[in-house]
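Please read the structure below before turning to the comments.
The values are calculated or read from the model by the stated rules, or taken from the named source; none is laboratory data. Keep in mind the model is a prediction, meaning the values are calculated, not measured. Every residue, glycine as well, gets a Cβ built from its backbone with ideal geometry; the counts of neighbours run over all protein chains shown. Areas reflect the complete protein model, heavy atoms only, side chains present, ligands, DNA and RNA absent. Shrake-Rupley method; radii C 1.70, N 1.55, O 1.52, S 1.80 Å.
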Amino acid sequence: LDPMLIRTGSFTAEFAEQQLIDLLALPHRPTAVIAGGVNMLPGVLIAIRAAGLRIPHDISVVSSTNPELCELVMPTITELRVDYSAMGVEASQLM
């Protein structure tokens, strides 16, 4: 795994947009992106559109916990769903 492809620092749409713009400018641009925060997907989609790329033909996208926005893109974006209630219960039982 190339550490240059992992971008952390914020979960905002603006951060995601700028980071993906930077990644797409690399000589060997990524063919997929994982938007790991609920607010990141809009920025990812803006960067993809600005680069003139098409999902999933040019780049694949996986998002986390933003089902409404995932369903607006055709074909639908792959979404990771997290059951935060069950996670909280499990965490409290482990403690």
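See the values below:
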quantity: Label-to-label distance, nm, for residues given as Leu26 and Arg81 (7 Å Cα→Cβ offset); calculated: 3.2
quantity: Extension gain from Ala50 to Glu90, taking 0.36 nm per residue of separation minus the Cα-Cα distance; calculated: 10.3 nm
quantity: Cβ-based charge dipole, the chain, positive-most Cα from Ser10, Val61, Tyr84; calculated: Val61
quantity: Average accessible area per residue (Å²) across region 7-72 - probe 1.4 Å, nucleic acids and ligands excluded; calculated: 56
quantity: In degrees, nearest ten, helix 13-24 long axis to first principal axis of the chain (Cα); calculated: 50
quantity: At R0 = 22 Å, FRET efficiency that the Cβ-Cβ distance of Ile6 and Glu68 yields, to 0.05; calculated: 0.25
quantity: Sequence ranges 11-21, 53-63, 68-78, ranked by mean other-Cβ count within 10 angstrom, highest first; calculated: 11-21, 53-63, 68-78
quantity: Given charges at beta-carbon only (K, R positive; D, E negative), |dipole| of the chain in Debye; calculated: 220
quantity: Amide H partners (placed H, <5 Å) of Thr78, local residues excluded; calculated: Val61, Ser63
quantity: Tilt relative to the chain, helix 84-94 - C-alpha long axis, 0 to 90 degrees, to 10; calculated: 50
